[in-house]
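Here the structure comes first, spelled out in structure tokens, and everything after it is commentary.
The values are calculated or read from the model by the stated rules, or taken from the named source; none is laboratory data. As the structure is a prediction and not an experimental result, all values here were calculated from the model. Positions of Cβ are generated from backbone atoms using ideal geometry, with glycine treated the same way; all protein chains shown enter the neighbour counts. Just the protein is used for accessible areas: all its heavy atoms, side chains included, with ligands, DNA and RNA removed. Shrake-Rupley method; radii C 1.70, N 1.55, O 1.52, S 1.80 Å.
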Amino acid sequence: MKRIIAFLTFCALALTGCGLTQTPELQTKAFFAMDTAMVLSAYGKESLLQQAEQQIIALEQKLSVTDPDSEISALNRNRSGTVSTETAELLSSALELCRRTEGALDISIYPVVREWGFTTGEYQVPDRLVLEEALRRVDYTKVILKEDNSVVLAPSMQIDLGSVAKGYTGDTVLSFLEESGVSSAILNLGGNVQTLGTKPDGSLWRVGIAAPSGEGYAGAVDVAGKAVITSGGYQRYFEKEGKTYCHIIDPSTGCPVENGLLSVTVIGESGLVCDALSTGLFIMGLERGADLWRGSDDFEAIFITEKGITITAGLEECFSPDGAYRDAEVTVLH
């Protein structure tokens, strides 16, 4: 009898520990931060998502260009100051990405964006002389970051880390979740999608690519442990006298981008890099963006143009067009 009981006990333990362990429940948390709706989903403890939300709020309080108490606002007011290590690390990465895109991405574009009213909602087409004056204050190379985390801006310069903040935030949250034992998660930070691992059953995450019309999807990509981040003129814009002006400003002209691109999606391991490059590539245009991809090894991209869809070679097996673009011509860059 003792042998039978021992054998049954062993079987019970074996079943519990070998293949029949319960998958943690999917926990989801939705809230508003960084001026957008966010949804965090992870297989693990609910308390982890509560902590993740607090991390995001803390980052917003440091990085927001519109919060008068943030570190960035203080820099913009005083043109100098010492920032936290976290902000200094992000600023350093952002400046490197400005260099990498040859200034297509420029974190000092804020004065020009403000003249167009995209930060206030008071949209307008600026007077040309006003725009030229604002453009003279745009030059990321004049942002000086020192080893002691002190920052010096040129006179009248203002910076905005909005082009990298959500990607960096996603990286931070996923690192926290992974360190806390989570192996499967997906974050949607206002359209910035970042994934940790695969789904619990080993299948890939299927992430939709929004159609530039703003309605439905243009396609989908299957990923694991990747960020999928899109920038497009459809996301924020205004119309005046029959002309549409998007919120993405070309630092070389001071005007909204007009180059035939409708959206750019960047896929890679770093949310920060993907966030920055989605904006940078959108400004650079298809030809220059393709050249940047050919000289890189850390991202793939989807360019939606007025004529169709162009994808980089690494996405041939995992991207599929959908919706209004189901029958669109897909060109593959090599």
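Things worth noting here:
- Considering helices alone, the calculated mean residue ellipticity of the chain at 222 nm is -11000 deg cm²/dmol, with DSSP H runs of length four and up weighted by -39500 (n - 2.57) and normalised per residue.
- The stretch 155-215, dipole about Cα centre (Lys/Arg Cβ +1, Asp/Glu Cβ -1), debye to the nearest 20: 120
- Once the C-beta distance of Ala30 and Gln54 is scaled by a Förster radius of 22 Å, the resulting FRET efficiency is 0.90 to the nearest 0.05.
- Overall shape: oblate for the stretch 62-141, with the ratio a/c of the largest to smallest alpha carbon gyration tensor axis at 1.5 or above and b/c at least equal to a/b.
- Net length gained if the chain between Thr331 and Glu215 were fully extended (0.36 nm per residue, minus Cα distance): 39.5 nm
- Cα gyration tensor shape of the stretch 88-240, rounded if a/c is under 1.5, else prolate or oblate by comparing a/b with b/c: oblate
- For the set Lys226, Lys142, Lys166, solvent exposure ranked by accessible area (probe 1.4 Å, protein chains only) runs largest to smallest as Lys142, Lys226, Lys166.
- This model, with +1 at the C-beta of Lys and Arg and -1 at the C-beta of Asp and Glu, gives the chain a dipole about its Cα centre of some 620 debye.
- The lysine pair count for the chain, using Cα distances under 26 Å and pairs eight or more places apart or on different chains, is 19.
- Cβ-based net charge around Ala211, under 14 Å, with every Lys or Arg adding one and every Asp or Glu removing one: -3
- Given +1 at the Cβ of Lys and Arg, -1 at the Cβ of Asp and Glu and no other charges, the dipole of the stretch 121-194 around its Cα centre is 160 debye to the nearest 20.
- When the solvent-accessible area of the stretch 222-279 is split by element, carbon and sulfur atoms take up 43 percent of it, the probe being 1.4 Å.
- Formal net charge of residues neighbouring Tyr43 (Cβ-Cβ distance under 9 Å; K, R +1; D, E -1): 0
- Among the listed values (1) 21.4; (2) 22.8; (3) 20.4, the one computed from these coordinates for Kirkwood radius over Cα pairs in Å is (1).
- With respect to the chain, whose longest principal axis is taken over its alpha-carbon atoms, helix 46-63 is tilted by about 20°.
- A 1.4 Å probe, protein heavy atoms only, puts the accessible area of Val182 near 10 Å².
- When the Cα positions of Gly170, Asn188, Met157 are compared along the charge dipole of the stretch 143-228, Asn188 comes out farthest toward the positive end, with charges on each C-beta of Lys, Arg, Asp and Glu.
- Surface exposure of the chain, expressed per residue as accessible area with a 1.4 Å probe, stands at 50 Å².
- The slack between Asp148 and Glu133, meaning 0.36 nm per residue of separation minus the straight C-alpha distance, is 2.2 nm.
- Among 324-331, 285-292, the peptide with the highest mean count of other Cβ atoms within 10 Å heads the list, and the full ranking is 285-292, 324-331.
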